[in-house]
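Novice: One structure, pasted below without further comment.
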Amino acid sequence: MKSKCVFGVALLAASAWGADTFHPLDVKTGLWETTVQSQMSGMPAIPPDMLNRLTPEQRAKIEAAMKARAAQGPHTNTSRHCLTRDKMNQPLDLTNQPKECTHKVLTSNSSRQEVQFECTIGGGKQTGTLRVEAVDSENIKGNMQIQMANGERTSSTATSFTSKWLQAACTEKDEK
């Protein structure tokens, strides 16, 4: 699921932050395969109100699970998605995004997208940058850096991805 989200954001990044600054990437439509690698470091910034609702045992269990996940190293996921011309040319619907988030388009053209974002949620702050490059019409690469802080707790997530075009036609069964 995370790779599907990154793929969608990567292909439509700048469209989400204003039609006047949007330039779709010059890539082929059809079936794409995306490989996402992500790694988290630090202790995630869990909002204090959420932590206060947990018993000491629950809190210790969650913290241990998060530390164990971070210690595992990078996670890699590969998935397939159908990219249509309509999807590329329509602004991304951000109606489900928190109102506490702001976005700034740094670059938007047919080969590169770069967006900075900042969110303040539950007393914590998340900042990051998404970079996407159409290497050619059949290959996309990108990365996203996110820093999160809530009081003394800080963490960061580094995500990189590559997407390659597979074929012009796609069906629901192709998407994995």
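Novice: Go through the stretch 101-176 and name the GluC sites (Glu not before Pro) that are in a DSSP coil and have 15 or fewer other Cβ atoms within 10 Å of their Cβ.
Specialist: Glu138, Glu152, Glu175
Novice: Could I have the simple spin-label model distance between Ser110 and Thr21, label points 7 Å from Cα toward Cβ, reported in nm to one decimal?
Specialist: Here the answer is 2.2 nm between the modelled labels.
Novice: Continuing with this model, one more query. With the cut-off at 29 Å, tell me which of the pairs Lys61/Lys173; Lys104/Lys141; Lys28/Lys125; Lys67/Lys87 have Cα atoms farther apart than that.
Specialist: Over 29 Å apart, Cα to Cα: Lys61/Lys173; Lys28/Lys125; Lys67/Lys87.
Novice: While we're on this one: Go through 61-74, 26-39 and give me the packing order, highest mean Cβ count within 10 Å leading.
Specialist: Top of the packing list down: 26-39, 61-74.
Bear in mind that the values in this text are calculations on the coordinates, not laboratory data. No experiment lies behind these values; they were computed from the predicted model shown. When we count neighbours, we look across all protein chains shown, and the Cβ atoms used for this are built from the backbone with ideal geometry, even at glycine.
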